[in-house]
Structures are given as C-alpha cells and as structure tokens.
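Report on one structure; see the data block that follows.
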C-alpha cells in the first residue's frame, strides 16, 4: 500500500465520519458542486465523504455521451444526477443500484429533482445482483470502498467504506466483465494512495481487462482525519 | 387616523404579495419541518416556510377527512403535498393530489417518496378536477383555496399567483360546484381551507348554497397567527360543506 500517512489515524477518522453520518437523524440538503442533493438518514453522505463531489465532477465528463450508464452503490444518486444534469435531454438510459433500500429511495428523490425520471432506473441489490444477465452498459462506475479491512459494525454505512479482502471489489470487476459492452469503459472510484492498487490490477487482469489508467486525481482530501487521502478515477477496458 | 376596512384589506393583500415574493427568492430545494415531519420544498412552490396555513391544515384536515383503507381522499392544489402526506400518514387512505403547476407535482411526488407512501398516493398534473376521471369518487375533497380576495393587483409577476389569488373566484367556483360529481355518496364531505381575514365568507356561503350543500360549518379555526402575513396577524379556518 502506498501510504502517505498513519493508516490507523485514517481508519479511526473514517470510523468517526461514519459515526457522524449515522448521527444524522433527519433528511437534509447538501450542496455537491453547486447541485443541491437531498440526503436521507443512513445513506453514505457527501457532507462527510468528499469523494462524492470529486466523482460527481469527473465521471460525467468521462461518460462522453456513451449510454447506457450504470452506477453501482449509488447512495444519494449524486453522481448519476450529475450525469443527467450534464447531458440533459440527450442523456441515455441510466441505471443505479444500491444494496441499501434507503439509498435507493434517496437516489429516486434526487432523480426526481434532477428531472431524471424516464431516464433513471433505480434498483435494490448487491453489486450486479439487480442487473439482468443480458444487460450491457457502455459505462459502469462504482465509487468502491477502498479499505480492505473491516472496522465498525456491520451496517450499510460501514459497507460503503470497508470491504474485507476486497471481496466486493472482486465481485464488481468480475461482474463488469459480463455487463460491459465490448467498447465500454469500466470506471472505478478508488483511493489513489490508500487503496491497494496491485490487488485492483490483479482483479482486472484476471477478468480480462486492460491495466487501470488513472484519468483524474483529487488533491489531498480535507476530510476530518483524512488529509492523507487522495481520490482517483481509474478506467479499464476489455482486452 | 383610523384605517378603513378597504385600506386594511389592501395592506393584507400587499402582505400576501410580499410573502409570495420572499417565497420566490428561494432558488434551491430545502428541507422544512411541519408537525415534526421533514419535507422537501422546491423553488416556486407554495411553501410552509412562508405561508403558515399549511401547518394548520396539515394538523386539522386529517381529523376531518374520512380515513381508512377503503376511503379515498382528494386534494386539489396539493403544492408540496404536505397536507396529503399528513392525511395518509394519519390513516392509510388512498389519496390523490392535483396541481396545476409542474414543480408542485414534482415536489409532492418527492415528499410522497420521502415518506414512503407511494402505494397510497397518486399525484397528477392539472387544474382543479381536470386530472380526475369522471367516475372517480372520493370520501373527502380538500383544497387550501387561494383565498386572496383581490381581483386586481399590479401584474402578478410569478407563477405562485394562482396559489394565493383567485380573481373573480373562478377556481373556487369550479371547486365547490364540481365537488358533488366526485363524491362517493351523500355522506362525503368537502373541506375548504380558508381565511376570513383575507377572504370573504359570504362568497363561500353563496357558492355552497348554489352547489346544494345543506351545511357549511367552521370545523377548525387557528388563533391569530402573528407571522401569517407581514402586515397583520391572520386567522385560518377549515370549513366543511355537507349535503346531509
């Protein structure tokens, strides 16, 4: 692991962020790159995790009018709404999944606000479970949990951040090999300095993808206790 | 110098315009709490943050609406959908909300989703009874009517004008006279959200009599709400019209 700081302090800070997210008991509106986003309690929140704003800025640019677009683990739906906002009526089919029922509802709420009805299909389920076998996408994105350890309680919020042994990341990459169109691009939100890139590379190699290319990188995040954290957007294609 | 009733009325109408203008300045969706429940309010939608009657009707209408699994409730001019949500959250009633303004339809749909009552509520776009099928019947019909009794005022510069002013009582007339066609039976009731401070009771009485209602009673009344209008305190009433 490329570690620019003390990993224990960062993990403790992340747990604290999860705790703060959990302490929000009422819905609220948070600004993501100038877009008001409704956040429901119990949903991975852009107020505490700044990666959402980074991906909501860079993912739509990289979509390049290539639809259908699939987002795994959509949370509030901020990224998929940013895609809709960028392409307007020229947007193609959007599909978003989340294992958290509240997140799915949250994404629908924001989908209505950003006029994405008729474009957006929100489904509940784990990684590719709600995706039908024959469905193919030109772009598949996930802001993947990049801590491969398990901390905190086994709830939906912790699952957004921690992924023991990268089990879900592996499922994502393997599933993407099935559901990505031949000329499609897999987009992976992953920490460029704290995520174990060698493992990501191995999963991609095994599933028949090219080596990941980092197409955007954040500065050091100013999250609480997270000053040593950088977000990256990686892309890979089928060989 | 004593203020004439006309001057007082004009001041109240100007106060209503002021509120609508303040409401129109909100350019982003925001959360607002009514009776302990959180609701999304979209720009340009009749907002409980500025118009205090929403909270009053959200509290009173569920008490007077026929509630229950087999009951049907219709709200005209649903706006944010707060009253409709309050009725359904009080009793699992099948509810239909209509609004002429697209943003309000979107807003009400958001709040229906937010409160997980999508199986009970149906929001439709259109003026008064337009989006209601001829054969659709309801046990209770409600509208927080635009009671601003001001036929002529300087160019209404905003989409919200129809939510607060009804020149010539045209929509109020359509609402009261068209209600019976959508009543399930003679025990159905019509609830009218009104303010005698801003409106004119005799207009309601005349229209109710014309429509054949035998009873028109005030079933709930707010006290004087200090911030109901920037010019004067305002009182709100919930009227109930019945055939029997």
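FYI, it's all coordinate maths here, none of it is from the lab. Quick caveat: nothing in here was measured; it's all calculated off a predicted structure. So basically every Cβ, Gly included, is an ideal-geometry build from the backbone, and we count neighbours across all protein chains shown.
Relative contact order for chain B: 19 percent, from Cα pairs under 8 Å spaced at least 6 residues apart, divided by residue count. Which distance in Å, rounded to a whole number, links the C-alpha centroids of the range B:6-75 and the range B:209-233? What the calculation gives is 14 Å, centre to centre.
Order of A:46-55, A:93-102 by packing, highest average Cβ count within 10 Å first?
Values: A:46-55: 23.1, A:93-102: 21.5.
So the order, starting with the most tightly packed, is A:46-55, A:93-102.
Expressed per residue, the C-alpha convex hull volume of chain B stands at 117 Å³. Cα-based values for the range B:85-230, radius of gyration first and Dmax second, are 15.9, 43 Å. For the residues of A:106-116, the average number of beta carbons from a partner chain within 10 Å of their own beta carbon is 3.
Based on the mean of other beta carbon atoms within 10 Å per residue, what is the order of B:64-76, B:206-218, B:114-126, most packed first?
B:64-76, B:114-126, B:206-218
Of all DSSP-defined beta bridges confined to chain A, some 45% are antiparallel rather than parallel. A Cα-only calculation for the range A:7-236 places Rg and Dmax at 16.1, 46 Å.
With both residues required to sit in the range B:5-242, DSSP beta bridges show an antiparallel share near 45%.
If you wrap the protein assembly as shown in the convex hull of its Cα atoms and look at it from every side, the mean projected area works out to 26.0 nm². Expressed to the nearest 5 percent, the antiparallel share of DSSP beta bridges inside the protein assembly as shown is 45 percent.
Over chain A, dividing the summed -39,500 (n - 2.57) contributions of all DSSP H runs of at least 4 residues by the number of residues returns a 222 nm mean residue ellipticity of -10500 deg cm²/dmol. Here r is the Cβ-Cβ distance between residue A:174 and residue A:12 and R0 is 41 Å; the resulting FRET efficiency, rounded to 0.05, is 0.80. The largest-to-smallest principal axis extents of the Cα set in the range B:15-159 are 45, 33, 24 Å.
Per-residue shielding of A:37-43, expressed as the average number of other chain Cβ atoms within 10 Å of the residue Cβ, stands at 2. Length available on full extension from residue A:115 to residue A:61: 0.36 nm per residue minus the Cα-Cα distance, which gives 17.5 nm.
Could you sort the peptides B:235-241, A:178-184 by per-residue average Cβ neighbour count (10 Å cutoff), highest mean leading? Could the numbers behind the result be given before it?
Values: B:235-241: 22.3, A:178-184: 15.4.
Sorting B:235-241, A:178-184 by mean packing, highest first, produces B:235-241, A:178-184.
Inter-label distance, residue B:27 to residue B:103: 1.2 nm, where each label sits 7 Å from its Cα along the C-beta direction.
So what is the 222 nm mean residue ellipticity for chain B from helices alone, if each DSSP H run of at least 4 adds -39500 (n - 2.57) and you divide by all residues, rounding to the nearest 500 deg cm²/dmol?
Details: 7 runs with 78 residues, N = 244.
Theoretical 222 nm ellipticity from helices: -9500 deg cm²/dmol.
Sequence gap at least 6, Cα distance under 8 Å: using those rules, report the relative contact order of chain A to the nearest whole percent.
On the way: 492 pairs, mean separation 47.5, N = 239.
Once normalised by length, the contact order is 20 percent.
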